[in-house]
Amino acid sequence: MTSYRHHPERIAALVQDDRVHRDLYLSDEIFALEQEHLFANTWVYLGHASQVSEPGDFVTQDVAGRPLLMVRQPDGAVHVMYNRCAHKGTQLVTDECGNTGRFFRCPYHAWTYKLDGAPLGLPLKNGYEGTQLKACESGQGLSVVKHVKVYRDFVFVRLSDSGPSFEDYFGEVLGAIDNMVDRSPEGKLTVGGGVLRNIVHCNWKMYLENINDTVHPMSTHESATKAAEALWEGRAPTDPKPMAMEQMLPFGSGYEFFDKMGGRVFANGHSVLGVNFSIHSNYAQLPEYEAAMRAAHGEERAAEILQRSPQNSVFYPSLSVKGSPQAIRVIRPLAANRTLIEAWSFRATGAPALLFERVMSYNRLVFSPMSVVAHDDVHLFESIQQGLRAGGNEWVSLHRNYDPAELAQETITTNGTNELLMRNQFRAWAKSMAAGMEAAA
Ligand code: FES
Ligand SMILES: [Fe+2]
């Protein structure tokens, strides 16, 4: 296989206007370069502030291969630090989450740190008198991640010192988070019901592409939708559907439905699929919830918030948001051929319990490792990862609705089955990789 390190021009050649090279999915070296450059230079989703609600609460999470620690401070702020003891590098905490009390104590030689990472104390102090420890990095306490943005309680980090600001990077797509939070009558979300984790044996980019792929549900999910349709056969369209039925049936909506739902791409790989409507648009109305929304936001604004329900909004490269039904998926790349997918459910403060039941039902049905939908996709991602090793054709087609005019525009609204949403991700990929590799050269 080609060597890519120190060769940004070879990286650039992998992304053509209407197709991409298979090495993007297969090469371990490219994966390592992505960790160094792409994931360090872009804004990556770390977690939700409600996961650390009390002072001393922490969450550990690797981003771009670096172990990080998100901690709630006594003054209410959320800090992110590297999970590495300043002495010899032991991870201060190894649990996924917990509460550390008023300080961190390293399990190895018992150095202690305040919640903001400042050094607190160490045993056998007198042995350090007259040494350079205080002036050295190790005497300064924990290293903090400087570029942290808490946007309406969604916590993002940028590990590199160079790179775009949070607002410049995400731009208009932030409206998808606003809409999700505004769906709470009190403007507040909290994670609920734990997390569903799924390790998929495929490249992370394949998963993100699929989030924008509307041509596959009719074939890939045929057995699941046909089973739902058979169960529902003979019922009148007006019959109230059980929640699971309401969530499953739209997967079989047909090519025209998905084409008409429309999509929109933005600079830096972000997109919104379902700008006109989506598989979530026709869920039953919840009068009690809608009344609470009108009371909180006023008639017009409440209608505007609730009417908007895209299928997926991609915050490239790590997050996919479903405003309705208040679920997110987080993409955590582990290796060129291994990706951890997390599905989280949110509770909207001030909304009836039924809204939370809806997201729990959706996540179990569609995203859990034992779902009736996700396993169809997972099976095919693993198949692609193997299939791409075949000889004869080294390229992956992204030709659908390609138009050379799209190259000159950053924001485009288009039909829902246009592979532009994927081409847009790969153009952003090439751009971030080039920027990172040039900065490192
Ligand atoms: S490695 Fe943490 S105190 Fe020694
Ligand atoms: Fe799918």
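The values are calculated or read from the model by the stated rules, or taken from the named source; none is laboratory data. Computed from a prediction, not measured in an experiment: that's the story for all the values here. Heads up, the Cβs are rebuilt from the backbone with ideal geometry, glycines too, and the neighbour counts pull from every protein chain shown. To get the accessible areas, we keep the full protein, side chains included, count just its heavy atoms, and leave off ligands, DNA and RNA. Shrake-Rupley method; radii C 1.70, N 1.55, O 1.52, S 1.80 Å.
Things worth noting here:
- Each Lys or Arg adds one and each Asp or Glu subtracts one; over the other residues with Cβ under 12 Å from the Cβ of ARG332, this totals +1.
- Short to long, the 20 Å bins of the Cα pair-distance histogram for the chain hold 23, 54, 20, 2, 0 percent of all pairs.
- Modelled spin-label separation between ASN393 and ASP18, with each label point placed 7 Å from Cα along the Cα-to-Cβ direction: 1.4 nm.
- Sparse-neighbourhood loop sites, GluC sites (Glu not before Pro) in the range 201-239 - DSSP loop, at most 15 other Cβ within 10 angstrom: GLU233
- Cut-off 17 Å (backbone N to label point 7 Å along Cα→Cβ of TRP232), residues of the range 315-335: 325
- Relative packing of 13-20, 39-46, which averages over residues the other C-beta atoms within 10 Å, highest first: 39-46, 13-20
- Surface composition of the chain: carbon plus sulfur atoms hold 51% of the accessible area, using a 1.4 angstrom probe and ignoring ligands, DNA and RNA.
- Annotation note: trypsin sites (Lys or Arg not before Pro) in the range 346-441 located in DSSP loop regions with a Cβ neighbour count of at most 11 within 10 Å are ARG389.
- Residue-normalised accessible area of the chain, given per residue in Å² at a 1.4 Å probe: 45 Å²
- Mean-position separation - Cα centroids, the range 370-441 and the range 141-176, in angstrom: 24 Å
- Using just its DSSP H runs of length 4 or more, each adding -39500 (n - 2.57), the chain gives a mean residue ellipticity at 222 nm of -8000 deg cm²/dmol after division by all residues.
- Positive contributions from Lys and Arg (+1) and negative ones from Asp and Glu (-1), summed over other residues with Cβ under 11 Å from the Cβ of MET243, come out at +1.
- Label-zone membership for the range 49-68, site ASP95, 7 angstrom Cα→C-beta point, backbone N under 18 Å: 50-62, 68
- Neighbour cut-off at most 11 other Cβ (10 Å), DSSP loop, GluC sites (Glu not before Pro), the range 28-124: GLU96
- Distance between modelled label sites at THR349 and HIS379, nm, 7 Å Cα→Cβ extension: 4.3 nm
- Spin-label pair TYR128/ALA335, simplified geometry with 7 Å Cα→Cβ offset, distance in nm: 3.9 nm
- Estimated FRET transfer efficiency when R0 is 25 angstrom, pair MET245-GLU186 (beta carbons, to 0.05): 0.25
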